[in-house]
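Chemist: Structure incoming, see below.
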Amino acid sequence: MTKIVKKAPTEIALHPLLVNRWSPRALDDQDAISSEDLLAILEAARMAPSAFNEQPWRFIFGKRGDETFGEILNSLSEFNQMWAKNASALLLVAGTKQRPNGEPHPSYQYDLGLAVSQGTFEAHHRGYVTHQMTGFNHDVVCKTFDLTTNEPVVVIAIGRQASIDILPEAIAEREKTQTTRKPLNELIIKGSI
């Protein structure tokens, strides 16, 4: 049994939740997420900051085996379906593109990203792993869930990490590759410390 552990190569010491977070595809198909844990993940996302506190994120989720899980799974790319079928839950996050007054909401994706980030860290705090995907069919999702006023942005697989031995060889090899990040000095346009 081979469980992969990855630690982000940080330039400065950070909180272990940040250093140890990564996005595995090997998920335990025997794990069942509790309603309490799933609600806590959603609550953490709900508590994220947003412009004017408008909270432009919306959630559609299913637990493995229920109808909503199957509908979300069917919208994923074939590659993502191969491994995401083992997730304990699938969470589709959509954003409201308009403010309550009808004007466009230019930062809805930024706000939604903050909510996803907070939910991700709560999931990891509770011993789950997450894998965020944009590889899904937007048209299928919009039709399936009648998302006429919301834009689907990301699907998140939530589950307990399993051995990479359950994955097809090509996917297992990808799991072994260390994630890299650009050096901080490449990301800072201007500023001095």
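The values are calculated or read from the model by the stated rules, or taken from the named source; none is laboratory data. Nothing here was measured: the structure is a model prediction, and the numbers come from that model. For neighbour counting, all protein chains shown are included, and Cβ atoms are generated from backbone atoms with ideal geometry for every residue, glycine included. Heavy atoms of the whole protein, side chains included, go into the accessibility calculation; ligands, DNA and RNA do not. Shrake-Rupley method; radii C 1.70, N 1.55, O 1.52, S 1.80 Å.
Chemist: Name the pairs whose Cβ atoms lie under 9 Å apart, with the first residue in the stretch 72-83 and over 18 Å from Phe61 (Cα atoms), the second in a helix (DSSP H, G or I) and not basic (Lys, Arg), and 6 or more positions between them or separate chains?
Modeler: Phe79/Ile171; Met82/Ile171
Chemist: Could you say whether any residue in the stretch 64-80 is open to solvent by 10 Å² or more (accessible area, probe 1.4 Å) and under 25 Å from His15 (Cα atoms)?
Modeler: No, the stretch 64-80 contains no residue that is open to solvent by 10 Å² or more (accessible area, probe 1.4 Å) and under 25 Å from His15 (Cα atoms).
Here's the yes/no breakdown for (1) within 21 Å of Asn53 (Cα to Cα); (2) touching a strand residue (DSSP E or B) at 6+ places or on another chain (Cβ under 7 Å):
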site: Ala87; (1), (2): no, yes
site: Gln98; (1), (2): yes, yes
site: Asn101; (1), (2): yes, no
site: Tyr108; (1), (2): yes, yes
site: Glu122; (1), (2): yes, no
site: Tyr128; (1), (2): no, yes
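Chemist: Does the stretch 29-47 contain at least one residue that is at pLDDT 95 or above, of a type outside the set (Asp, Glu), touching a strand residue (DSSP E or B) at 6+ places or on another chain (Cβ under 8 Å) and part of a strand (DSSP E or B)?
Modeler: no
Chemist: Sticking with this one: I want to confirm something. Restricting to the stretch 48-78 and keeping residues that are hydrophobic (A, V, I, L, M, F, W, C) and modelled with pLDDT under 95, which single residue is nearest to Ser117 (Cα to Cα)?
Modeler: First, pick out the residues of the stretch 48-78 that are hydrophobic (A, V, I, L, M, F, W, C): 48, 51-52, 57, 59-61, 69, 72-73, 76.
Those left that are additionally modelled with pLDDT under 95: 51-52.
Working: Ala51: 16, Phe52: 19 Å.
Only one residue tops the list, namely Ala51.
Chemist: I would also like to ask the following. Give me the residue from the stretch 173-193 that is in a loop (DSSP other than H, G, I, E, B) and touching a residue at least 60 places away in the same chain (Cβ under 8 Å) and, out of that set, most open to solvent (accessible area, probe 1.4 Å).
Modeler: Step one: of the stretch 173-193, the residues in a loop (DSSP other than H, G, I, E, B) are 177-183, 188-193.
From what is left, the residues that are touching a residue at least 60 places away in the same chain (Cβ under 8 Å) are 178-181, 183.
Working: Gln178: 87, Thr179: 59, Thr180: 108, Arg181: 164, Pro183: 51 Å².
Out of the qualifying residues, it is Arg181.
Chemist: Out of Gly127, Gly159, report the one residue that is surrounded by fewer than 12 Cβ atoms within 10 Å (Cβ to Cβ) and either under 20 Å from Leu38 (Cβ atoms) or modelled with pLDDT under 95 (or both). Quick ask: steps written out before the conclusion?
Modeler: Values: Gly159 fails: surrounded by fewer than 12 Cβ atoms within 10 Å (Cβ to Cβ).
Criteria check complete, one pass: Gly127.
Chemist: Of all residues being in contact (Cβ under 8 Å) with a residue 12 or more places away in the chain and open to solvent by 60 Å² or more (accessible area, probe 1.4 Å) in the stretch 144-156, which is farthest from Gly95 (Cα to Cα)? Just the residue, please. Reasoning before the result, please.
Modeler: Of the stretch 144-156, the ones in contact (Cβ under 8 Å) with a residue 12 or more places away in the chain are 144-145, 147, 149-156.
With open to solvent by 60 Å² or more (accessible area, probe 1.4 Å) added as a condition, the list becomes 144, 149.
Working: Thr144: 16, Thr149: 9 Å.
Ranking the qualifying residues of the stretch 144-156, first place goes to Thr144.
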